[in-house]
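No value in this document is a laboratory result; all are computed from the given coordinates. Just so you know, these numbers come straight off a predicted model, no measurement behind them. Every residue, glycine among them, receives a Cβ derived from its backbone with ideal geometry; neighbour counts consider all protein chains shown.
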Amino acid sequence: MSTCDTLAKTSADHTVSRTRAMRMVTNAVILGLWLWLYRPVLDYLAIIFSREDFRTNQLVLVGVLVLIAIQVRKGHLRPRFDAAPQLYVPALILALGGSALYLAVERFLDINTVSASLFGLASYGLLGLWMQPRRWRQGLPAALLLIGALPFGEHMQTFVGYPMRLLTAAIVRDGLTAAGVSSIGIDTILVLENGVSQVDLPCSGVKSLWTGMLFLIAATWIERRRFNLRWLLIALVFASLLFTANLARVGVLVVVGQVAGWWLVAEMLHVPLGVLGFVGACAAAVALLRLQRPIAQDTWDAHDEFGATGAEGRRTDDALPALAHPIWLAPALATAILGMAFVYTPRPQTGLAQPPPTWEFPASLVTKPMPLKPDEIAWMTRGGAESADRRRFQWRGITGSMILVTSTTWRAHHRPERCFEVYGLSLNDSRTHLVTPAFPVRFVSLGDDDGYVLLSATYWFQSADRTTDDYATRIWADLAPERERWVLVTILFDGVHDPHATDIQAFYIALHDAVAHNLEGGPSS
């Protein structure tokens, strides 16, 4: 090779290197703007995947990441950030359309899990601008699994669990009635004081639907099956099997525990029946998946559609023409992301606009106001609570603290168990306790990490005409044409107490009557 040829080759190599470096810098700017647009979601994800009360989601995330790492190593799913973005319309629509929906959700709904899901989908759409279209489509299960690691199980239990529990209880009741056992009603099935066969949120079958769908998506990816109409039918059959397994489990527990009175046996069967039903449904789903024809393995040559070469190898059976890399796409994409970042507007915070009501407590209930902490004020303001009143109390020698949160929206209410855990207390037990047949409360036992019981707590949700300890019931009440005013009553005792004790029962009733008087039109300020 002559000196001129050597110099020309060196110059060309330098030009290619500079061009690649400029592309990488441009892509880094686009990704930086993207993360800036979704900065509120990143704060939420940091909480989800760092706090101890989301340990299940963290374990699911680790499992998903391991699976993705294995599949990436096998399938060459790496995006090429040393190349200019390509004009791949489906990926571009997913990226920009998902981002537009994210702006709307943040402005009007402010539901973190929905925003995080849109972030995952839109981000996968963005990656499609640097991936081979066929590989991008095949990698969709990876994006769905990552999104599925979010706390959908908790939300599904809350939003879907209520009607599912009612349906399960109604079917079990009708089945027992047909078998000649007519003394078991829906309320008896929903609330069993010993908690063994209580059709509560963790036992509603909804959590198994969440984990089951994650399993089905992972199995689909590993088995290299397609997402099509047949897959959708398999998913529906799988969901039906999970529901049937949970229904059978609840029926057996009610018969063994409530009808036969074998409470110890019912407690022993509680977990094994759930595990066996779930494993059986998963095995059936895998068998149905394997009836489909797998996706053919791709073959690869040394050139990819970005024009690069390498030892990895690329596929040769893709006869589609290479996608365009217009020079205007990168600046237009950066401008669009920057514009959406400036347009971003969170939902306005309008909570705590009213002073706490003047509660008419009985003379034997002595209370003293306790100021809320700044983070508590910020949370309730963001949730839209009308008012929040925290007080120390003393009742017949029993002391503790209580907080009453008044609101017409479910956003301002929550499950207090999570707050107790945030404050460093472990949840030893949480069960329904009937003060009267129409007055259920949630009794909670709190302890340390060693399981030693330290404190007792109680809470319930109360409106003018109903009282419930079920958060899902509270949420579904907001579907009424005219929303009611509800009060979340949370009590944290200074010690351990028996909910059946006469003084504790009287305390519940006295506080319930004071809240009812206010909701029925008593003094409000």
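Here are the numbers:
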item: Cβ charges +1 (Lys, Arg) and -1 (Asp, Glu), total dipole of segment 365-519, debye; result: 420 debye
item: Packing-based ranking, highest mean first, of 389-402, 457-470, 121-134 given that Cβ atoms within 10 Å are counted; result: 121-134, 457-470, 389-402
item: Which of SER240, SER407 has the fewest Cβ neighbours within 10 Å, and the rest in rising order; result: SER240, SER407
item: Under 5 Å, built H, 5+ apart or other chain: amide partners of GLU386; result: LEU352, THR406, SER407, THR408
item: Positive dipole terminus of segment 365-519, leading residue within ALA516, SER445, VAL489 (C-beta point charges); result: ALA516
item: Under Karplus coefficients 6.51, -1.76 and 1.60, residue-wise ³J(HN,Hα) of segment 86-98 in Hz, glycine/proline x; result: 9, 8, 9, 4, x, 5, 5, 5, 5, 5, 6, x, x
item: Of HIS500, TYR459, ALA480, farthest towards positive along the dipole that unit charges on Lys, Arg, Asp, Glu beta carbons give segment 431-509; result: ALA480
item: Protection proxy ranking, peptides 95-107, 267-279, average beta carbon neighbours within 10 Å, highest first; result: 95-107, 267-279
